[in-house]
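Structure, as C-alpha cells:
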Amino acid sequence: MTGEEENNMSECGTSATTSERKVAKEHQITPKAEPAKVQPHQGNISYSMDPDEFIDKTTSRWTSPLWRYSIENEHFAKGAYGKVLLAEDVVAKKKVVIKKIPRTVPERMINNELKAGKFLGRHPNIVRLHQYLECNENHYLVFEYVQAPDMFCFLEKRSFAPMPEDDARKIILQIFQALEHIHAHSISHRDVKLENILISEKLDITLIDFGLCGFVEENRLLREWCGSDNYLAPEICRRVPYDGYKADIFSSGVVLFALLFGVFPFDNLRVNANLTIVKPIKVLKVSFPSSVQVSDSAKDLVQRMLHDDPGQRLTLKEAMAHEWMKAGELPSPVESPSNSGSCESVPQRPVTIEEVVQANPCAIADGAVIAQSIPPSVMIPTA
C-alpha cells in the first residue's frame, strides 16, 4: 500500500476508491492521516434509505460524514431540536436538506424518523428520507429538498386570509392521502400542524417531521403525551390512553379550520412548558366566526373532525367520504363587515411566547415531548 493510500484510510480502516478521492479533492476534503480511537457510540455511521439513487451504500469512507454534501446554507431553517441545512449532493448532483441534531436529543426521536423513513418509502405527499449519518456529536438526517414554504408561512404571507373552499379541499385531501398511507403502516404522525406541512404555489403539499410519530400495535392505545399545543386532541391533554389515528384526525381538523377561517378554533393556552394543564380541559365546542362565509357542509366536516369524544370523531375513511370532499365548485369565502355573531370577538393581538412557554420552548418530561408551536413573531388569532 502506498503512502497516499494510507493517508486516505478512514476511521474504520477502509481505503477510499479512486473516484471518491477525486470527489474529495475537488471539494477540498482532507482525510485524517491517522484514525481516531473509536469510543462507544462514536465514529461515522452511514447507510442509505434510498439505494436506487445513492452510489455510496456503505460506511462513509471519509473523516467527515458529510463528505459528499456541499453545504450551501447552514441556517436554512431552525428545527425544534437542531439546525436544518441546505446542501448539494455532489455525487447525485441534487439539492438535499440535512437535519443536524445533537446527540443530546432523545434517541427515540431519531429512531422514529428512521423507522418512518424506512417503512413509508415513496409517497407524493410525504417527505423522503435519503440517508442517515452519525458522528461523535451529531446525527444527520438527509431528506429530499422540497422547494416550498411551510403552511404557516404560506398563510402568513396571505395575512391569514381565509382560503377558497376548493383550495382548502385540495389541500386537506392531500393531507388525508398522506395520513392514509401513514396509518396503513401502523404509524400515527402525532404532530400534524401548519409548520409540518410544506405547500407549493400549486397547492401541492408535503408532510414532514416524524420525530414524534407513534407506532401503533393492533388493538393497543398510545400513552405518550406529546404534540403541539394548538393541535393537541383533548384526550391527550387529559393524559388518558388514546387512539393515535383519531388524534391525527383532530390535528387535521385544526389545520382545515385555519385554512377556512384564518384563525385557530380553540384557545391555545391549554398547557405550559412543564407539560401541565393550565386550564381545565372542558368539553370542547366548535364555534365558527361569522365574519367568514363557509358552507354548512364544510362546517359539518370540521365540527365532526374536532369532536371532543374520540369515539364520535370521524375516522379517516369517514372524513374522506364526507359530502364536502365530493362537492363541486363552491363560493370563495367573503369577509363580512361585521364581526358579530355566534362566535365571540376574535382577539387579534399576537400571543407571546411567554404566555405559553415560561421556561423552555421545548420541554421534555416523563419521556414525553411537546414540540413548540408558537412562531417567534406573529400568531394566528384564536376564534
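Nothing in this text is a laboratory measurement; each read-out follows from the coordinates by a stated rule. What you see is a predicted model, and the numbers here were worked out from it, not measured in a lab. Backbone-built Cβ (ideal geometry, glycine too); neighbour counts: all protein chains shown.
Along segment 123-129 the Karplus relation, 6.51 cos²θ - 1.76 cosθ + 1.60 evaluated at θ = phi - 60°, assigns HN-Hα couplings of 8, x, 10, 10, 4, 9, 8 Hz to successive residues, with x for each Gly and Pro. Shown here for segment 121-201: GluC sites (Glu not before Pro) in loop regions (DSSP other than H, G, I, E, B) with at most 12 other Cβ atoms within 10 Å, namely 137, 201.
Residues whose amide H lies under 5 Å from that of residue 187, counting only those 5 or more places away or on a different chain, are 216; hydrogens are built 1.01 Å from N in the peptide plane. Report the net charge of residues surrounding residue 100, where surrounding means a beta-carbon distance below 10 angstrom and charges are Lys +1, Arg +1, Asp -1, Glu -1. Surrounding charge for residue 100 is 0. Which residues in segment 175-209 have a backbone N closer than 19 Å to a point placed 7 Å from the Cα of residue 215 along the Cα-to-Cβ line? Taking a point 7 Å out along Cα→Cβ of residue 215, the residues of segment 175-209 whose backbone N falls under 19 Å are 181-191, 209.
By other beta-carbon atoms within 10 Å, ranking 153, 237, 213 with the fewest at the front produces 153, 237, 213. Which value in nm describes the separation of the simple spin-label points at residue 323 and residue 167, placed 7 Å from the Cα toward the beta carbon? So the two model labels end up 2.6 nm from each other.
In this structure the amide hydrogen of residue 134, modeled in the peptide plane, comes within under 5 Å of the amide hydrogens of 45, 140, none closer than 5 places in sequence on its chain. The string of couplings for segment 192-208 from the Karplus curve (6.51, -1.76, 1.60, θ = phi - 60°) is 6, 7, 4, 6, 9, 10, 8, 9, 8, 5, 8, 6, 8, 10, 9, 7, 10 Hz, one whole number per residue in order, with x for Gly and Pro.
Counting Lys and Arg as +1 and Asp and Glu as -1 over every other residue whose Cβ lies under 12 Å from the Cβ of residue 306, the net charge comes to +2. Could you run the Karplus curve 6.51 cos²θ - 1.76 cosθ + 1.60 with θ = phi - 60° over segment 310-322 and give me ³J(HN,Hα) per residue in whole Hz, x for Gly and Pro? 3J(HN,Hα) across segment 310-322, in whole Hz: x, x, 9, 5, 4, 7, 4, 4, 5, 5, 5, 8, 4. Each Lys or Arg adds one and each Asp or Glu takes one away; over the other residues whose Cβ falls under 9 Å from the Cβ of residue 82, this sums to +4.
The amide H of residue 94, built 1.01 Å from its N in the peptide plane, has 89 as neighbours under 5 Å, considering only residues 5 or more places off or on other chains.
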